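The values are calculated or read from the model by the stated rules, or taken from the named source; none is laboratory data. Just so we're clear, the structure is a prediction, and the values are computed from it rather than from any experiment. With ideal geometry, Cβ positions are generated from the backbone for all residues, glycine too; neighbour counts draw on all protein chains shown. All accessible areas refer to the heavy atoms of the entire protein, side chains included, with ligands and DNA or RNA removed. Shrake-Rupley method; radii C 1.70, N 1.55, O 1.52, S 1.80 Å.
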Amino acid sequence: MADDPQRNFRSAYYEKVGFRGVEEKKSLEILLKDNPLDLEKLSTFSQRFPLPSMYRIHVWKVLLGVLPPHSDSHALVAGYRKEQYQDILEALEVMRYTNASTPSTHVYLRMFQLENQVLPRCSETSTPDEENEDFLSISRAMEEIVDDPVDCYWLIKSFVNQFHTKFGDSVPHLPKSLEHYLSQEEPRLLNHLKSCGALAQLPYSIWFRRCFAGCLPESSLQRVWDKVISGSCKILVFVALEILLSYKIMLMGITRPGGVVRFLCNIPQENTDAIVTKAIDSWHKYCGTPMHAV
C-alpha cells in the first residue's frame, strides 16, 4: 500500500493525543475480514505493530497454523483440536503418565512427547532434561497469557515446533549477533563483560531458546512473541541488547561472571515494558520496518 498522506497525518495526530494504535486496530480488523486470511499481510502487520490484546490469541493461532486461513473452517477445526486434545489426555491417564494432581505444564509436555513419539518410560520421567525445561518454561509463560487449556496446548506445541523448524539453525549464532550490536552501542560494556569472563556465560538459553520465558513478565513477553511468531528471531537479540544497556551501570560494577549471570536471570520486573519498546525500536532501526500492506 502506497503511503497515504491523510492516513499518516491521522496516525500522527492519534499518537500525539494519546490514541496510538487506533488506525492500526482498524487495519487489523480489515485484514481479519479476508477469507481466506492473508498470512503474509498478517505477519507484516505483526512485525510492524503491536497486536491489540483482544485479537492477539486469534492471530497467533492463525499464524502458527492452529487454525487454517479459511475463516469458515475455524469452528470445525477448533472442534477437531479439542477432540484430539481430549484423546491424548485420556491416553496419558490410562498409561498412568498423568493424573489429577499432575501440573498442567507437565501434562502439556507429556502430550507433546506422545505426539512426537518420544514419550519416555514412566521410570525415566523424574528429571526433565534441558530441552524439556525449555518447553516447560514456554508452557508456564503461555499459561499466563492463554486461559483455555486446549488453546494453550496447541499454541505451545505450534510455537515450539515453528521455532525449532524456522530458527533452529539461527539460534546458535544469536550470541555473536548480540556481541556485534553491543560493540556498536556500548563497547565499554562489551569489553567489561569480556574481561571479567561473563560474556560467554550470559543466560543465552533463557534469552534465545526460551524466548525470554521466565525472564520477562507476560505483559512484556507477549509483545516479543508477536514478533517471533510472525517470523523474526532477531528480535530476541535486541531484547537482550536493551536489557544489557538498561542495566549497564549495575553490570559495570559487577566483577564476577556469576554475579552478572545472577543479576540478568532476575532482572527487575517494573521496567520491562520500556525495555521491550526500546528493543523493538532498535530492531526496526537495524533490520528495517516491513512495509504495511492492507
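At the residue level, His164 shows approximately 100 square angstrom of accessible surface with a 1.4 angstrom probe and all protein chains present.
When the chain is treated as a Gaussian network with alpha carbon springs shorter than 10 Å, the biggest mean-square fluctuation among Cys211, Cys122, Cys196 belongs to Cys122. Calculated [222 nm] ellipticity per residue, helices only, for the chain: -20000 deg cm²/dmol; basis is -39500 (n - 2.57) per DSSP H run with n ≥ 4, divided by all residues, nearest 500. In the structure shown, the pairs Lys61/Lys176; Lys194/Lys227; Lys157/Lys278; Lys41/Lys61 are assessed against 26 Å; a Cα-Cα span above that value is assigned to Lys61/Lys176; Lys194/Lys227; Lys157/Lys278. A simple spin-label model places pseudo-atoms 7 Å from Cα toward Cβ; at Cys287 and Ala91 they are separated by 3.6 nm. P(r) tail for the chain: Cα pairs beyond 29 Å make up 42% of the total. Length gained on full extension, Ala274 to Lys82, computed as 0.36 nm times the residue gap minus the Cα-Cα distance: 65.4 nm. For Thr289, Thr98, the ranking by accessible surface with the largest value first comes to Thr289, Thr98, using a 1.4 Å probe. In the chain, taking the dipole from charged Cβ atoms about the Cα centre, the farthest positive-side position among Val239, Met111, Asn191 is held by Asn191. Between Ser219 and His180, the C-beta separation translates, for a Förster distance of 22 Å, into a calculated FRET efficiency of about 0.15.
Say R0 is 45 Å: what FRET efficiency, to the nearest 0.05, do Gln201 and Ser104 get from their beta-carbon distance?
Numbers: r = 32 Å, r/R0 = 0.72.
Given R0 = 45 Å and the Cβ-Cβ separation, E is 0.90.
Using the Kyte-Doolittle scale, which helices in the chain average at least -1.0 and also have C-alpha atoms spread 20 Å or more along the helix axis, with helices defined as whole DSSP H runs?
On the way: long enough: 74-94 (30 Å, -0.28); 130-145 (23 Å, -0.71); 149-167 (26 Å, 0.04); 272-287 (22 Å, -0.19).
Membrane-span-like by this rule: 74-94, 130-145, 149-167, 272-287.
Taking the Cα centre of the chain as origin and assigning +1 to Lys and Arg Cβ atoms and -1 to Asp and Glu Cβ atoms, the resulting dipole is close to 840 debye.
Taking 16 Å as the straight-line reach from the Cα of Lys248, the aspartates and glutamates in range (excluding those fewer than 8 positions away in the same chain) are Glu179, Glu185, Glu186. Accessible area of Ile249 (1.4 Å probe, protein heavy atoms only, ligands and nucleic acids ignored): about 140 Å². With the Kirkwood sum run over all distinct C-alpha pairs, segment 56-130 has a hydrodynamic radius of 14.1 Å.
From a point 7 Å beyond the Cα of Ser170 in the direction of its Cβ, which residues of segment 96-138 have a backbone N at a distance under 20 Å? It comes to 135, 138, nothing else. Between the alpha-carbon centers of segment 236-273 and segment 27-52, tell me the distance in whole angstrom. Using only Cα atoms, the two centres lie 34 Å from each other. Result for the chain in a Gaussian network model with C-alpha springs under 10 Å: among Ser139, Ser230, Ser219, the largest mean-square fluctuation is at Ser219.
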